[in-house]
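One structure below.
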Amino acid sequence: MRDRNHVHPGGRVLAAVLSGLLATSAMAPYAFAQPKGAAAAAEKQKRDTARGHYEAGRTKLDAKDYAGALTEFQAANAIIPSPQAQEKIALCYDGMNDAPNALKAYELFIEQAKDSEKLKAEVEAAKGRIEALKNAPVAVSLVSDPPSAQVEVDGQAQMGATPLEVKLTPGTHKVKVSAEGFDPVEKDIEVKAGEEKRTVSFSLPQTAEAVAATLPPPPAQQDQGANASVQPARSNLPAYITLGVAGASAIVGTVFGVKALSNKSDFNDDPTTESADDAERNALISDMAFGVAVTLGVTGTVLLLSNNNAGQEQAAKDARSQKTMQLTPFVGPSGGGAAATWRF
């Protein structure tokens, strides 16, 4: 007979495998339950944080703290994006009179909630607010040089003077700025719906009359005859300097002319590119120097002659303008006497 305590080795292995499978099956639910529970806890914490920012935003929005509420709603929307948070962001921008960002936020909210029956009323309200913002006047600041100028918008005079802020509806407006003593300036200003406040500058030119009034009066006209007698004779120094420069130019032209001839001779003896370039360059400088000498020589001569002629004419005029008396004696067959001549 086989002993009951005797177990075949293969049976032992099989029993161990079966025991392991049973233990693994028993522990599997617990192994899967732990990660799933941690994810659920993290998701809950995320939702709780988003809801906390959202509720804080609602409290600040009710208190009309639009900037603080905007920060809270943006934080909530960053954690869990939702059309509700996006609508509140649009309301915050609207309350801050930030029309450009309010329009964008309203349009984004409508896109997110277009299929939501629960937010149908909010979507319609957002559409109406977008229409109102697009037709709302935009602030435009007008400044001018000079300041304190009068302003007309589309032909209507505005109260106050520059710098002046006006409200313009979307579209194109003709703005005219005018001031006393200046020519008026007109500009076409295009205003876009929801755009931010901007500044438009006007520079007004002075009228011709105003410019003339600022000029100094012309010098008083004096008797030319009296001025001629006291005017000093013009100096011949400019003429001498001009003639001196002409002489120097002639010398330079002669020197470079001699060099050019020498270079030409060298080229004839030994034709090279260098000697040809030197001859051409020195010949060009010589020609230019002689040209300057001739021009300045003629100019200096004209100056010298004109100064001498002016001096002679002035001397003759001075002699004619002098008042003199001439006494001439005479003797005749029947007597004698004297004749007096006065020259004015």
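Computed from the coordinates by the stated procedures, all read-outs in this text should not be read as laboratory data. Predicted, not measured: the structure shown is a model, and the values here were computed from it. Glycine gets a Cβ as well: all are built from the backbone with ideal geometry, and neighbour counts include every protein chain shown.
Which of K120/K192; K64/K192; K64/K174; K104/K176; K104/K192 have a Cα-Cα distance over 26 Å? Mind dumping the intermediate values first?
On the way: K120/K192 29 Å; K64/K192 28 Å; K64/K174 37 Å; K104/K176 33 Å; K104/K192 14 Å.
Those over the limit are K120/K192; K64/K192; K64/K174; K104/K176.
Name the aspartates and glutamates eligible as straight-distance cross-link partners of K167: C-alpha to C-alpha under 17 Å, and not fewer than 8 places from it in the same chain.
D98, E152, D154, D188, E190, E195, E196
Using a 10 Å cut-off on Cβ atoms, rank the peptides 210-218, 100-108, 153-161, 243-251 from the highest mean neighbour count down. Each step should come with its number before you reach the end.
Details: 210-218: 8.2, 100-108: 18.4, 153-161: 11.4, 243-251: 16.1.
Ranked by mean Cβ neighbours within 10 Å, highest first: 100-108, 243-251, 153-161, 210-218.
Per residue, what volume in Å³ does the convex hull of the Cα atoms of region 42-134 enclose?
Here the figure is 89 Å³ per residue.
Name the trypsin sites (Lys or Arg not before Pro) in region 47-95 that are in a loop by DSSP and that have at most 12 other C-beta atoms within 10 Å, would you?
Of the trypsin sites (Lys or Arg not before Pro), the ones in loops of region 47-95 whose Cβ has at most 12 other Cβ atoms within 10 Å are K64.
Would you please name the trypsin sites (Lys or Arg not before Pro) within region 156-220 that are DSSP coil residues with at most 16 other C-beta atoms within 10 Å of their C-beta?
K192, K197
Just how far, in whole angstrom, is region 58-98 from region 164-212 if you go by their alpha carbon centroids?
38 Å
Does region 138-210 come out rounded, prolate or oblate, given a ≥ b ≥ c as the square roots of the eigenvalues of its C-alpha gyration tensor, rounded meaning a/c under 1.5 and, failing that, prolate meaning a/b above b/c?
Verdict is prolate for region 138-210.
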